[in-house]
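Nothing in this text is a laboratory measurement; each read-out follows from the coordinates by a stated rule. This structure is a prediction, so every number in the text was calculated from the model and none was measured. Here Cβ is always computed from backbone atoms with ideal geometry, including for glycine, and neighbour counts include all displayed protein chains.
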Amino acid sequence: MIKKVDHIGIAVKSIEETLPFYTDVLSLTLLAIEEVDSQKVKVAFLKAGETKIELLEATSKESPIADFIGKRGEGIHHMALGVASIEDRIAEMKEQGIRMIDNEPRLGAGGAHIAFMHPKSAAGVLIELCEKKGDGGLE
Ligand code: ZN
């Protein structure tokens, strides 16, 4: 069911200030920067082999990322698992009594279809199910 860890999401105060650590110190390649209005975030994707690192910066005080940083500071925010047929995966999770934050897939960065599982149902980890549809430009 799970293809791979698609990406690790990291909440940062400023992509501009954080990016040099990833590109210069860790020598990772920047793939794309984009704004995701539905989540009130700006994201930067870096290539780390088969997996990506997603830096998330709030674009509004109402952004879940602003909330997260306010409570816990910068750091790892979520883990995204690459799946096929995300609608079926959501249905399977719900059948198993897993609480989903998103009961329907929504549009994420790179045109991916995503759905978050509730951390209370996922061993304390915010897990994003993520399906690439067509050419997201990030693969
Ligand atoms: Zn993500």
Exercise. Provide the FRET efficiency to the nearest 0.05 for the S121-R72 pair, computing r from the beta carbons and using R0 = 25 Å.
Key: 0.80
Quiz prompt | Distance (nanometres) between label positions extended 7 Å along Cα→Cβ at K94 and M79 | solution = 2.5
Quiz item: How large is log10 I(q)/I(0) at q = 0.15 Å⁻¹ when the Debye formula is applied to the Cα atoms of the chain, each weighted equally and without solvent?
Solution: -0.72
Quiz prompt | Of K3/K42; K4/K132; K40/K120, those spanning more than 20 Å from alpha-carbon to alpha-carbon | solution = K3/K42; K40/K120
Quiz item: Once the piece of chain linking K3 and T51 is laid out straight, how much longer is it, given 0.36 nm per residue of separation minus the C-alpha distance between them?
Solution: 16.2 nm
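Which loop trypsin sites (Lys or Arg not before Pro) in the stretch 36-83, with loop taken from DSSP, have no more than 13 other Cβ atoms within 10 angstrom of their Cβ?
K61
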Quiz item: Relative to the first principal axis of the alpha-carbon coordinates of the chain, what is the inclination of helix 86-95, with its axis defined by its Cα atoms, in degrees from 0 to 90 and to the nearest 10?
Solution: 60
Exercise. Using label points projected 7 Å from each Cα along Cα→Cβ, tell me how many nm separate L30 and K13, to one decimal.
Key: 2.0
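Can you give the charge dipole size of the chain about its Cα centre, rounded to the nearest 20 debye, using +1 on the beta carbon of Lys and Arg and -1 on the beta carbon of Asp and Glu?
I would put it at about 380 debye.
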